[in-house]
Every structure is written in structure tokens, then in C-alpha cells.
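In what follows, a structure is listed as C-alpha cells, so that the remarks can point back to it.
The values are calculated or read from the model by the stated rules, or taken from the named source; none is laboratory data. Treat the numbers as computed from the prediction; the structure is a model and nothing was measured. Using ideal geometry, Cβ is built from the backbone for each residue, glycine included, and neighbour counts are taken over all protein chains shown.
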Amino acid sequence: MKNLILKSLFIGILLTTSLTTAQSCPIPEPLDQSMVVGKWKGNLTFQGELRALELNLSEENKELKAQLAIPSVSNKTIDTEIEICQSEELHIKFKVENRQYELIGKPKKSAMSGRLISKNSDQFLGNSSVAEVNEIFSLKKSK
């Protein structure tokens, strides 16, 4: 009987501690869009080569907009779709020569790094969850 009481007490303390710890974990703050607005410059790996990357983030009607330039891939500025996740990750989707790409990165102060995922058109529309190519990128905010 004494063992049963001690076990029950131990389990009660363990559960109370676990629940208290879980409740103290803060929900991530929403991304402060004003902190990421501006010109970002850096590099990405693309087909095994290091290439220049420029990202211009702006805010219109409280929405974040992005334009992308990869001079060695396209002479034009690339229009994008942008999503912000609760984890403060930016998901920047764009298309070059009938291929869909997605930059996924988390800005921290004046730096951002992450991954570039290449997808077939049908994958980008959600018909498949398998990404074809994973590359990386790194950017610094221009002053």
C-alpha cells in the first residue's frame, strides 16, 4: 500500500511538472514585417554552382511582397508569392523556365539563410510531396 501511495505521488508530481513546463513554453511572436523590409543580397547554390541572389522585400497594405533577382539565371526580376509561417519562416515561391522553386528561410536580425527547393509544376500545385532538388541560400540585409 505504501508503495502504491509513493508511486501515485511521484506520478502526480511528474505530471504537474510536465504540464507546468509545457504551459510556460511561449508561442512564437509574429514576424515583424518592418524588420525584414528592404534589399537583401547574398548567394545560393544552384545546380552545384554558387550564384548571386538579390531579394527585395516590401510592404503594401500590411502584406509582405517580394521580388527576386538571380542574374546568372534570368535577366529579369522574378515575381514571387510569399507566405509567412507561425515559426517566422518566409516561404518565397517563384517560377523560372517552367520549374517551380521555393526559398524557405528565417530572418534573424540582418541575416537570413535557408533552403531552395525545386519542384515540378504538378508538385508545386500539391499533386506530389517529393521535392526534386535541395539547395541552400544565405542573405544579408543591405544598409
Subset of segment 109-123, residues modelled with pLDDT under 90, under 24 Å from Asn56 (Cα atoms) and surrounded by fewer than 19 Cβ atoms within 10 Å (Cβ to Cβ), comes to Lys109, Ser118
Of all residues being within 30 Å of Arg99 (Cβ to Cβ) and acidic (Asp, Glu) in segment 13-56, which is modelled with the lowest pLDDT? Just the residue, please. Glu49
Evaluate the following for Leu90: is it under 20 Å from Asn134 (Cα atoms), under 18 Å from the mean Cα position of the chain (by Cα) and at pLDDT 85 or above? yes
So for segment 50-68 (the condition being closer than 15 Å to Glu135 by Cβ, exposed (fewer than 15 other Cβ atoms within 10 Å of the Cβ) and either in contact (Cβ under 8 Å) with a residue 24 or more places away in the chain or not hydroxyl-bearing (Ser, Thr, Tyr) (or both)), does at least one residue qualify? yes
